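Contents: one structure, followed by commentary.
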């Protein structure tokens, strides 16, 4: 694989191309300037979501950057409480983003929440995520979305979706980094022709990856940052990466990847790190993740990745 990462794209199962390196905007308080900086730096993949409440700022950032819309791969996500109103909520997103279409819309979580419930603790009794997917398939037919996919789906829920889906998800977006590699999930997606995108690919704020001696040693050997090494690790696994930052120098540094390559030994070391850390912990009224990825349970009470006995 070429080490010209900033020009790399991955072909989706519908023939469209997704840029390998994108900008994530989760917890981005200044998404407008972050998006503008990213696009002016050379990024062509921008990821947002209804739940982030920054779609309007993302749309403004795109306009300020002056990059032609057709040159940008723009993705958003259907919020859990909007599962019964996919068409309507898609129109709202398009208005905020100031565009006629998105390149990709994802189901943010495989749980259909009743907004009448308290604190997102009540699920619809007459609606499942497979119903939501049926409505999302219509977005492709109307041209509102060029591609559709899912986020935070494990193997179990992917199998449930695939059993009735007319359109196979183009993308499955999950938290992926060396402390949460989810190798079985990534391999399952590949076997089904589903592209995997890594969010929180740097481990997010306060990640122990920032102090990991193995990662630091590899970064020092290449004269690169820990973040750059983690991103190339993800890219060499065949996943697109969407690191989030609002600081101009970090947005630029996260895109300064060309020429950096990792040896098979270095990739093995990173993929074999024993520590486990997860940013997005279980919080929904229905269980989302299971022991389908590393042979380890995601959750056991407050314990992460408890070893199966």
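The numbers here are math on the coordinates, done by the rules we state, and not lab data. Values in this document were obtained by computation on a predicted structure and should not be read as measured data. Every residue, glycine among them, receives a Cβ derived from its backbone with ideal geometry; neighbour counts consider all protein chains shown.
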Point to revise | Extension gain from residue 92 to residue 190, taking 0.36 nm per residue of separation minus the Cα-Cα distance | key: 32.0 nm
Check your understanding: What is the packing order of peptides 19-28, 64-73, taking the mean over residues of other C-beta atoms within 10 Å and listing the highest first?
Key -> 19-28, 64-73
Study note, to complete from the structure: Counted neighbours (other Cβ, 10 Å), sorted fewest up, put 5, 283 in the order 283, 5
Exercise for review: Divide by every residue of the chain the summed helix terms, -39500 (n - 2.57) for each DSSP H run of at least 4, and state the resulting mean residue ellipticity at 222 nm, rounded to the nearest 500 deg cm²/dmol.
Suggested key: -10000 deg cm²/dmol
**Study point:** Cα-derived Rg to Rh of the stretch 5-272, Kirkwood definition
**Key:** 0.96
Point to revise | Inter-site label distance for residue 221 and residue 7 at 7 Å from Cα along Cβ, in nm | key: 2.8
Study note, to complete from the structure: the chain: antiparallel bridges as % of DSSP beta bridges, rounded to 5, reads 25
Review point. When a footprinting reagent is the concern and you count Cβ atoms within 10 Å, what order do 47, 29, 131, 212 take, fewest first?
Key: 29, 131, 212, 47
Review point. Cα convex hull of the stretch 77-165: mean projected area in nm², to one decimal?
Key: 5.9
